[in-house]
Amino acid sequence: MKAIITSLMLLIFLLSSCGEEERGSMQSTLIQDESIKYARGLSIEQGDGFTLVDISDPIEREAQVYHYALVPRGTTPQGIPSEYEVIETPVRRVIVMTTLQLSNFIKLDAVDRVVGMPSTRFLFNPTMRAQLESGETKRIGIEGNFDTELIMALQPDIILVSPFKRGGYDVIKNLNIPLVTFLGYKETTPLGQAEWLKFTALLLGIEEQANEKFARIETKYNELKALVTDKMQRPKVLSGELHGGNWYVVGGESYLAHQFEDAGADYFMKGNEESGGFYVDFETVYSQAANADYWRIANSYPDTYSYEVLKQTDARYADFRAFKERKVLYCNLNERPFYELSPVEPENVLADLIKIFHPELLPNHQPVFYELLTLER
């Protein structure tokens, strides 16, 4: 009996050793993609005939990691770890769930690959609008009430999803269509968010195009950022409005806070260490931002927005310094393609902000998204 036990233990040890050697050998053949410099939630490794992509929450580092193995269509490469879901590339037909995801396809001139999307609110892109009108792209319903029969009929290769956002993804999990997690919206830096272009391009098989586009974005962004020096006075900036009696704010480590920082301004919650959003009461905002130099507002007001409209919304707004001195920077989401372009054009957002905070640095810049709300109309 002792001999049998010894033999079994030896066999287990040998099998274990072989497994470890095999995994170690596989790991040694993987090459880390060093081109990912800003996106914290994206990791890419090149294998022999496949690409491994790890997607994680850029903020909650202990959250679930999503694993995908991208393989050339029609091939079956060996050595892919079992925990990786295989996705054949290039992807030909895609359903997107958010405007941020769509922005990547717009920037890469690949909206023809998008066959379905939920909401078309704030949609400006003429090609996508034409595809919707012709039926090449379909509206698939809203979150929690997707048209599963239509989704199946569209025969998408993948569906891009944002699992941490509220949405009825349970109903489409059983359609036998790969759900690919896209977490670019959770990146806390402008270049980090824009760098998800590279992941989208991997799916589409147009990596070189994405690398070139991102290189131009990165160069322009950093050139603009370098215009702001430590010797300059940094204005304080408030952001947002009251909704249902409370003020939605994002933390001092958020995407928006970093945008203001790069533009030479300080977000009014600069000392806060949160990167996500949360609600606070009016008194809290007023105590911290009544004397803020600027006030950023982005909304979808259906008519001409003005200081009078702002005052009529809540009379207390008139007590803010930025209101009194007419230093509200405004973006009307009904008029400007903010959601579908700003994620992949952070250099234009930065230029708008620098033009407002430090106009002497960019005297000839024409606003793309934001401009000062200065006239009573």
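Residues whose amide H lies under 5 Å from that of D33, counting only those 5 or more places away or on a different chain, are I44, E45, Q46; hydrogens are built 1.01 Å from N in the peptide plane. The phi torsions of segment 94-106, fed into the Karplus equation with coefficients 6.51, -1.76 and 1.60 and a -60° offset, translate into couplings of 10, 10, 9, 10, 9, 5, 4, 4, 4, 4, 5, 6, 5 Hz, rounded to whole numbers, with Gly and Pro shown as x. Pairs of Cα atoms nearer than 8 Å and 6+ residues apart set the relative contact order; for the chain it is 13 percent.
Computed over protein heavy atoms with a 1.4 Å probe, the accessible surface of segment 97-218 works out to 42 Å² per residue.
Computing volume of the Cα convex hull per residue in Å³ for the structure here picks out one of (1) 148; (2) 183; (3) 200, namely (3). With the convex hull drawn around the C-alpha atoms of segment 306-377, the volume per residue stands at 106 Å³. How tilted is helix 346-357 with respect to the longest principal axis of the chain? Cα atoms for both, answer in degrees (0 to 90, nearest 10). It is inclined by approximately 20 degrees. Estimated purely from DSSP H runs of n ≥ 4, each contributing -39500 (n - 2.57), the mean residue ellipticity at 222 nm for the chain is -10000 deg cm²/dmol once divided by its residues.
The amide H of V180, built 1.01 Å from its N in the peptide plane, has I159, L160, V161 as neighbours under 5 Å, considering only residues 5 or more places off or on other chains.
Of the two radii for segment 213-326, the radius of gyration is 1.01 times the Kirkwood radius, both from the alpha carbons; that is the Rg over Rh value. Partner lysines whose Cα lies under 20 Å from the Cα of K138, excluding those fewer than 8 positions away in the same chain, are identified as K173.
Using the alpha-carbon atoms, what tilt in degrees (0 to 90, nearest 10) does helix 207-227 show relative to the longest principal axis of the chain? Tilt relative to the chain: about 40 degrees. Computed over protein heavy atoms with a 1.4 Å probe, the carbon and sulfur contribution to the accessible area of the chain reaches 49%. Count the DSSP beta bridges whose two residues both fall in segment 56-148, then state the antiparallel fraction as a percent rounded to the nearest 5. So the antiparallel bridges amount to about 20 percent of the total.
Centre-to-centre separation between the Cα atoms of segment 346-369 and those of segment 128-165: 36 Å.
Note down the accessible area of E340, probe 1.4 Å, to the nearest 10 Å². We get 10 Å² for E340. Averaged per residue, segment 263-363 has 43 square angstrom of accessible surface, using a 1.4 angstrom probe with ligands and nucleic acids left out.
Under a Gaussian network description of the chain, with springs only between Cα atoms under 10 Å, the residue in P363, P156, P72 that fluctuates furthest is P363. Annotation: lysines with alpha-carbon distance below 16 angstrom to K355 (same-chain offsets under eight excluded): K220, K225, K236, K327. Sites listed here are chymotrypsin sites (Phe, Trp or Tyr not before Pro) in segment 69-175 whose DSSP assignment is loop and whose Cβ has at most 12 other Cβ atoms within 10 Å, and the list is empty. Relative to its Kirkwood radius, the Cα radius of gyration of segment 264-334 gives an Rg/Rh of 0.96. With R₀ fixed at 51 Å, the C-beta to C-beta distance from Q312 to T29 puts the FRET efficiency at about 0.20.
Note that segment 73-78 has calculated 3J(HN,Hα) couplings of 3, x, 10, 9, x, 9 Hz, one per residue in order, obtained from phi through the Karplus relation 6.51 cos²θ - 1.76 cosθ + 1.60 (θ = phi - 60°); glycine and proline are x. When all alpha carbon pairs of segment 169-226 are counted in 10 Å bins from zero, the resulting P(r) reads 20, 38, 27, 11, 4 %. For segment 62-153, the average shadow cast by the Cα convex hull is 8.3 nm², which is a quarter of the hull's surface.
Which of the chymotrypsin sites (Phe, Trp or Tyr not before Pro) found in segment 36-73 are in a DSSP loop and have at most 13 neighbouring Cβ atoms, other than their own, within 10 Å?
Loop-located and lightly packed - none at all.
Each Cα pair under 8 Å and six or more residues apart adds its sequence gap; the mean of these over the residue count of segment 34-86 is a relative contact order of 28 percent.
The spacing between segment 287-318 and segment 61-110, judged by their C-alpha centroids, is 41 Å. Note on surface exposure: R61, R139, R296, R73 rank R139, R61, R73, R296 by accessible area, highest first, 1.4 Å probe. The amide H of L329, built 1.01 Å from its N in the peptide plane, has W295, R296, I297, L373 as neighbours under 5 Å, considering only residues 5 or more places off or on other chains.
The values are calculated or read from the model by the stated rules, or taken from the named source; none is laboratory data. Quantities reported herein were computed from a predicted structural model and do not represent experimental measurements. For neighbour counting, all protein chains shown are included, and Cβ atoms are generated from backbone atoms with ideal geometry for every residue, glycine included. In case anyone asks, the SASA skips ligands and DNA or RNA and just uses the protein heavy atoms, side chains included. Shrake-Rupley method; radii C 1.70, N 1.55, O 1.52, S 1.80 Å.
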